[in-house]
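So the structure is just underneath, and the comments pick up after that.
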Amino acid sequence: MTLRTYVLPAIIAAGFAVPAAAETLRIQNHYAPETVSGKLIQQFVDDVEVMSGGELDIEMFFSSSVVKTVETFDAAATGILDCDMTGGAYQTGKNPAFQFVGDIMGGYDTPWQQYAWLYNGGFEAADSLYGQYGMKLVGWSIYGLESFASTKPIRGPADLVDWKFRSPPGLETEIFASMGAKPIVMDFTEIFTALETGIIDGADASGLANNKGMGLYDIAKHANFPGFHSMPSDHLACNKGKWDSLSEQHRRILDTAMQKFSFQSALTFEVKNLEAKAELEAQGVAIYDWSSEDRSAFRSAAQAAWQGWADKTPEARALVDSHMAFLTQLGLVKK
């Protein structure tokens, strides 16, 4: 056997390296795949996989199918999952500061204003909070102001008295209780059954189009639009060790795909919510547009409550002060 017999196979093998196995990220979100947000998340998954040339594979769990919505963050932090695609407001029990990276109630008027805070000085403070719990904040997605689903009229503040509604945990329960409502904290996935059985009169679930996609208005024939009370920031937050183990290229891909998802969420819901409003009105759902005075009353109550929460931890105070400074800069809060 000649030398060439040995060398040629080695040269050929060296020129055809075996591709590395795909890196898999296990991520949970709380949306059903057929909702508007669910479809946008599926596009996010596709974007990551295509941009990485198949080197990043995402195993996405919809409708909180692995653990309850509020447990997603801990599941990611402990390695049961790799990333959490729910929202920071579910973690206020860990630190009240999460309220102000999850749902800045009574704060900004548009998703663009809220994104502007994050990318103009807010990100460092927010990421520092996540880092204390072994997590890395990657980005936000904001679909705009939320609308209620209700089996009773919600024409204004007077209709909130004794109104039993599903509320996420945190600041919202205090604000609405002060206005006479009866908030009941329950998991996102339990809303439909609770409305159907009359356990609650209404629900703070999502934006108008998502609520419609969940079938809430098949039961609840009252809604408000545009919303006024809540504009949650759903996040992508990953286990810090997992994030650090990714290549810089893969981290950039996730960041870029998340920013596209963020933009598309706000843009898509501008259209989808208006389409949903027209369709719901045609189906006989009553939709109420609160007056500027009623909206202002809620904002005042919410921002007063912020200060009590800000005093709970140094991290909460830092975030509230940051938001107040930025809101003042935008002219949404007067000096």
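Taking amide H positions as modeled 1.01 Å from N, with prolines and chain starts lacking one, the residues under 5 Å from I142 and 5 or more places away or on another chain are A266.
Across T268, T197, T151, mean-square fluctuation computed from a Gaussian network of the chain (C-alpha pairs under 10 Å connected) peaks at T197.
Estimated from helices alone, the mean residue ellipticity of the chain at 222 nm is -14000 deg cm²/dmol (sum of -39500 (n - 2.57) over DSSP H runs with n ≥ 4, per residue). In a simple Cβ point-charge model (Lys, Arg +1; Asp, Glu -1; nothing else charged), region 192-305 has a dipole of about 460 debye relative to its Cα centre.
Using a Gaussian network model of the chain in which every pair of alpha carbons under 10 angstrom is joined by a spring, one finds that among G54, G38, G170 the greatest mean-square fluctuation is at G54.
This structure gives Cα extents along the principal axes in Å, computed directly, and of [x] 59, 46, 42; [y] 95, 45, 32; [z] 90, 44, 35 that value is listed as [y]. Neighbour counts of other Cβ atoms within 10 Å put L330, L246, L280 in the fewest-to-most order L330, L246, L280. Structure remark: mean-square fluctuation, Gaussian network model of the chain, C-alpha springs under 10 Å; the largest value among Q132, Q43, Q303 belongs to Q132. In order along region 278-290, the phi-based Karplus estimate (6.51 cos²θ - 1.76 cosθ + 1.60, θ = phi - 60°) of 3J(HN,Hα) comes to 4, 5, 5, 4, 5, 8, x, 6, 7, 10, 10, 10, 5 Hz; Gly and Pro are listed as x. The H on the amide N of L56, modeled in the peptide plane, is under 5 Å from the matching H of E23, each at least 5 residues off or on a different chain. Extension gain, D244 to T193, is 14.3 nm, computed as 0.36 nm per intervening residue step minus the present C-alpha separation. As a proxy for reagent exposure, ranking Y115, Y133 by other Cβ atoms within 10 Å from fewest up yields Y133, Y115. Summarising the amide proton neighbourhood of Y288: residues at separation of 5 or more, or on other chains, whose placed amide H is nearer than 5 Å comprise A223, N224, F225. With the largest listed first and rounded to whole Å, the semi-axes of the equivalent ellipsoid of region 166-235 from the Cα gyration tensor are 18, 15, 12. Spin-label model, Q113/T24: points 7 Å from Cα along the beta carbon direction are separated by 4.4 nm.
Within the set K212/K277; K212/K272; K182/K334; K152/K212; K182/K272; K94/K240, which residue pairs have Cα atoms separated by over 21 Å? Going by Cα-Cα distance, K182/K334; K182/K272 fall outside the 21 Å limit.
Readers should treat all values here as calculations from the given coordinates under stated rules, not as data from a laboratory. In this text the structure is predicted, and so the values were computed from the model without any measurement. Methodologically, a virtual Cβ is constructed for each residue, glycine included, from the backbone with ideal geometry; neighbour enumeration extends over all protein chains shown.
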